[in-house]
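Undergrad: Supplied in structure tokens, the structure appears directly below.
The values are calculated or read from the model by the stated rules, or taken from the named source; none is laboratory data. Everything numeric here is computed off the predicted structure, so don't read it as measured data. Here the Cβ positions follow ideal geometry from the backbone for every residue, glycine too, while neighbour counts run over all protein chains shown.
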């Protein structure tokens with residue numbers, strides 16, 4: 001029995017390592033078509049517009065790297081196997097976002113953040129910590145994260161060049177998914193986080209956004 005239990009732990013660790021590698025190498029294709037993929041939505045952008053869109057989509061790509069790591073950490077530290085599967089299910093859904101944003105970065109001639117391994121490691125640690133706090137708090141962390149991401153994506157919709165309808169459709173689709181994930185976390189019993197924690201999350205997100213916008 002002990003050997004079987006050790007194998008199960010090792011299996012989970014190896015699976016997590018494989019998912020981390022797939023995330024950081026963008027090797028998982030999207031399960032859904034990229035929004036706005038029709039040639040009709042591709043408009044020639046000038047250099048200034050292309051740089052702005054590229055920077056914003058790089059930030060969004062970093063956000064999806066972080067989402068994968070957060071869910072991985074929360075799944076690993078969840079006490080309820082059903083919640084573990086819920087976190088992994090949300091991560092699988094958000095793999096589409098990861099693929100969409102990378103496709104758009106390539107189209108815009110922009111590079112992903114050089115700090116992606118750092119973003120992943122830090123977010124994984126946060127996910128593990130949230131899970132250790134208990135399932136209700138971990139779900140609350142998920143709900144609050146998704147609420148803040150939804151607002152962040154809304155700000156990007158305001159900043160994107162009006163001509164960049166392709167990026168806009170990707171961001172809109174991502175925003176709808178984030179709303180669904182936040183609602184699902186609340187329905188599963190997520191607790192409302194203390195104000196100081198929510199504020200700390202916002203500060204951390206602002207630092208990440210400012211750095212990823214450039215690097």
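Undergrad: In region 10-31, which residue that is loosely packed, with under 14 Cβ neighbours inside 10 Å and not in a helix (DSSP H, G or I) is modelled with the lowest pLDDT?
TA: Only one residue tops the list, namely 27.
Undergrad: Then there is this: All but one of (1) in contact (Cβ under 8 Å) with a residue 40 or more places away in the chain; (2) closer than 23 Å to residue 30 by Cα; (3) in contact with a helix residue (DSSP H, G or I) (Cβ under 9 Å, 6 or more places away or on another chain) hold for residue 146; state the number of the condition that does not hold.
TA: Failed condition: (1).
Undergrad: Let me spell it out: the conditions are (1) over 18 Å from residue 36 (Cβ atoms); (2) part of a helix (DSSP H, G or I), and residue 61 meets all of them except one. Which number is the exception?
TA: Every condition holds for residue 61 apart from (1).
Undergrad: Mind checking which pairs have a first residue in region 16-31 that is over 18 Å from residue 77 (Cβ atoms) and a second that is part of a loop (DSSP other than H, G, I, E, B) and at pLDDT 70 or above, Cβ under 6 Å, 6 or more apart or different chains?
TA: Close Cβ pairs satisfying both conditions: 22/28.
Undergrad: Report, by residue number, each residue of region 118-153 that is on the phi < 0 side of the Ramachandran plot and over 15 Å from the mean Cα position of the chain (by Cα).
TA: Result: 128, 129, 130, 131, 132, 133, 135, 136, 137, 138, 139, 140.
Undergrad: Just checking, how many residues over region 82-108 are touching a residue at least 24 places away in the same chain (Cβ under 8 Å) and touching a helix residue (DSSP H, G or I) at 6+ places or on another chain (Cβ under 7 Å)?
TA: 14
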